[in-house]
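The values are calculated or read from the model by the stated rules, or taken from the named source; none is laboratory data. Keep in mind that this is a model prediction, so the values were computed, not measured. Please note: Cβ atoms are built from the backbone with ideal geometry, for glycine as well, and neighbour counts cover all protein chains shown. Accessible surface areas use protein heavy atoms only, side chains included; no ligands, DNA or RNA. Shrake-Rupley method; radii C 1.70, N 1.55, O 1.52, S 1.80 Å.
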Amino acid sequence: MKNFILSILFILISYNIYAESSLEKYIVDRKVGPNGSEVIGINVPGGRPPKDYVRKEIVDIESLKTSRNVVIIDDVPAFDWSYGCSATSAAIIAAYYDRNGYPNIYTGPTNGGIMPLNNSIWNESSGGEGGDGECPLSATHQGFDGRVTRGHVDNYWIEFGSTAQDPYISNGWTPHANADCTGDFMGTNQSYWSNTDGSTRFYTYNNGAALHSFSQCEGYNPPHKDGGYGFEQFMESRGYNVTVSYNQKIMGFEGNTQGFTFAQYMAEIDANRPVMIHVTGHTMVGFGYDSSNQTMYIKNTWDYSTHTMTWGGSYSDMTHYSVSVINLSPSDVGLTGDSFDNPIAINSLPYSDSQNTNNFTNTVGNTSKDVIYQLFFTNDLNNVTISTNGSSYDTYLRVFNSSQNQINFNDDGGEGNNAELTNLSFSANTIYYVCIEGYSSNNGQYLLAIYLPGDNFETAIPIPSIPFNASGNTNNFTNTVGNASKDVFYKLNMPNPYNNVTISLNGSDYDSYLRIYDGNQIQILFNDDGGVGTNAELTGVSLEANTDYYICIEGFSTNNGNYVFNITGNIFVPTPQAVENLEIIYVDGWIMLAWDDVTLDINNNALNPDYYNIYVADTENEASYIIAGTSADNDFSISAEEFPFNPVFFKVTAVKEAARAILINSDETGLKHPK
């Protein structure tokens with residue numbers, strides 16, 4: 001485990017629906033603070049997605065990483081708005097730590113107990129995208145994530161902006177104890193703390209000084225809750241020690257000279273501590289920066305993309321004014337991947353990673369050091385490959401079930417001394433573990449790849465022969481080319497040319513689509529509904545010999561489902577054509593052959609042959625001919641001493657290998673030489 005103190009940065013941004021940048025309209029309390037200076041309470045009303053907000057990709061993270069001015073923290077989740085932007089932003093940061101060394105933060109049944117990278121699995125079932133989305137780490141809700149009792153939403157939520165008493169009060173319920181979500185502890189949505197539905201309150205010194213772990217407001221009349229201190233309490237409730245917690249205005253806001261600086265923000269990101277981000281009325285998460293122009297990279301709680309804003313500037317007319325910082329003691333769980341208790345999470349394929357086992361300890365198996373991954377998929381997966389090809393040392397693979405009992409292993413199944421396991425099956429909603437280690441005590445840098453064969457061009461499933469048939473489900477794959485649907489790739493390379501080939505998806509249970517690519521991955525054919533119903537089918541296809549083709553199976557638009565795949569066709573054998581004017585003479589012990597140039601008609605194209613084969617026999621019986629040689633031109637010479645038989649018969653054939661057929665022209669005229 002990296003020995004560092006974790007700081008969680010909340011950048012408080014207010015969302016001004018009237019395009020007003022002043023903080024004043026959001027200040028709801030003015031009191032004397034612990035140091036005698038004025039403390040202000042700031043309401044963050046919720047920052048719900050605008051009605052006309054369009055979800056789209058804004059920033060390409062991978063391209064940014066090539067700049068030395070840019071620092072971005074990997075593995076930071078992105079959640080849709082879920083019953084309050086402040087609670088959602090806190091959940092994003094909490095989820096990052098859950099995935100990176102603090103595994104007790106989320107302990108629900110989804111994704112094997114590891115918080116996913118987004119909350120789509122719950123939003124899809126709730127219809128909450130762009131509205132009241134579901135995220136159990138932000139706001140628990142009966143009926144979601146396996147919860148069978150009333151949670152945060154049931155007890156505290158009516159509708160966005162509601163000022164009415166919470167449902168537990170009006171219905172006479174006993175509310176649940178603060179437990180599994182950030183909203184519980186931060187006071188979000190709770191009328192007891194004078195928060196409307198969607199809102200959270202934060203307190204800070206008005207002069208720019210830092211306000212630490214502020215709980216004094218809980219004794220006000222009526223009582224209030226500081227969201228920063230509430231998030232501190234949430235992290236402590238998960239078993240982690242909070243050493244520092246404070247809110248602070250940013251340097252220069254309304255002229256203050258004591259505030260939090262961009263340099264401090266960069267230090268948080270450099271230390272791999274993502275940032276919760278709020279401005280006048282809204283909360284977001286900062287997880288990167290560009291030092292050349294003071295740009296922050298943020299998750300805006302409205303989609304799963306990356307967005308930007310300038311430090312001290314504004315986002316969608318919301319003015320940046322404050323931050324909150326939380327420091328956690330280092331987790332005693334250890335480096336992520338160093339044990340079964342703290343594995344590296346994998347929940348989708350394809351997956352790749354590279355680590356050095358020297359940085360880890362020995363947990364199981366050989367005396368070498370090892371790295372543990374946890375696999376958890378929502379679909380049944382078959383024919384999975386786990387490979388360490390390309391690693392720098394003698395690798396070893398082990399697979400364990402949820403009880404940590406070994407169910408598979410491999411030593412040198414890959415290239416050289418690298419381990420590889422193929423044709424593996426994983427059941428849906430079931431935990432598995434993969435251990436990467438070395439043979440004996442070997443350690444080093446490994447390359448891990450886990451994929452379904454057929455998920456892209458590089459892993460295309462080979463077709464051994466024609467006819468061919470297969471079946472599968474595209475839902476298990478990813479989208480690589482073409483439509484927005486998911487794709488499966490097959491690779492075809494036949495030693496013989498084929499014509500009248502039919503490539504069919506008839507029998508598939510969804511609206512299927514076919515694409516054919518050449519060896520350079522350039523599309524040459526496609527079909528939508530050429531088969532039965534909405535199934536794709538290509539007919540009359542010609543295939544060259546010894547040539548790579550890729551066949552992509554996908555769906556029309558976003559359609560996915562079970563496919564049935566068939567290929568039929570015939571090896572192309574053209575009708576022989578006679579070589580014109582074959583001349584055969586005998587001179588001084590040599591037999592010399594000559595013939596007219598041949599033009600081959602291939603698919604209505606006049607092509608020259610690549611070369612000629614010359615055959616010889618002692619009889620006109622076709623079966624007795626043997627090859628005597630080849631010629632690139634339309635003549636050939638051979639010593640008569642090589643043939644003790646008399647008479648001798650010759651046959652010449654013209655060969656075109658690069659065409660979609662090997663075409664033969666021949667003349668079986670025999671010559672009796674005078675030997």
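Rolling a 1.4 Å probe over the heavy atoms of the protein chains gives region 484-627 an accessible area of 49 Å² per residue. Exceedance of the 22 Å cut-off in Cα-Cα distance is limited, within the set 65/491; 25/299; 65/249; 51/486; 25/225; 65/299, to 65/491; 25/299; 65/249; 51/486. Please list, in order, the residues from region 434-452 whose amide nitrogen is less than 19 Å from a point placed 7 Å along the Cα→Cβ vector of residue 401. The answer is 434-435.
Under 10 Å from the Cβ of residue 217, count the other residues' Cβ atoms, weight Lys and Arg +1, Asp and Glu -1, and hand me the total.
Local charge sum for residue 217: 0.
Length available on full extension from residue 262 to residue 66: 0.36 nm per residue minus the Cα-Cα distance, which gives 68.4 nm. If you plug the beta carbon distance of residue 481 and residue 177 into 1/(1 + (r/R0)^6) with R0 = 56 Å, you get a FRET efficiency near 0.65.
Each other residue within a Cβ distance under 10 Å of residue 455 adds +1 if Lys or Arg and -1 if Asp or Glu, for a net charge of -1.
Taking every C-alpha pair closer than 8 Å and separated by at least 6 residues, the mean separation divided by the residue count of region 363-518 gives a relative contact order of 24 percent. In this structure, residue 599 and residue 353 have a Cβ-Cβ separation that, at R0 = 60 Å, corresponds to a calculated FRET efficiency of about 0.55. Taking other residues whose beta carbon is less than 12 angstrom from the beta carbon of residue 369, and scoring Lys, Arg as +1 and Asp, Glu as -1, yields -3. Each label point was placed 7 Å from the Cα along the Cα-to-Cβ direction; for residue 383 and residue 509 their separation is 1.8 nm.
With the simple spin-label model, which puts each label point 7 Å out from Cα in the Cβ direction, the residue 291 to residue 169 separation comes to 5.0 nm. The label-point distance for residue 520 and residue 427, in a model that sets each label 7 Å from Cα toward Cβ, rounds to 4.9 nm.
Reported to the nearest whole Å, the Cα centre-to-centre distance from region 265-304 to region 146-177 is 31. Peptide packing for 219-231, 358-370, 158-170, 447-459 was compared via the average number of neighbouring C-beta atoms within 10 Å per residue; ordered from the highest value, the list is 219-231, 447-459, 358-370, 158-170. For the chain, take the longest principal axis of its alpha carbons; what is the angle in degrees between that and the long axis of helix 227-237, to the nearest 10 within 0 to 90? Taking Cα atoms only, the helix is inclined about 70 degrees. Each peptide in 26-32, 380-386 receives the mean, over its residues, of other Cβ atoms within 10 Å, and ordering these scores from highest gives 380-386, 26-32. Length gained on full extension, residue 74 to residue 192, computed as 0.36 nm times the residue gap minus the Cα-Cα distance: 38.7 nm. Applying 1/(1 + (r/R0)^6) with R0 = 56 Å to the Cβ-Cβ distance of residue 22 and residue 632 gives a FRET efficiency near 0.05.
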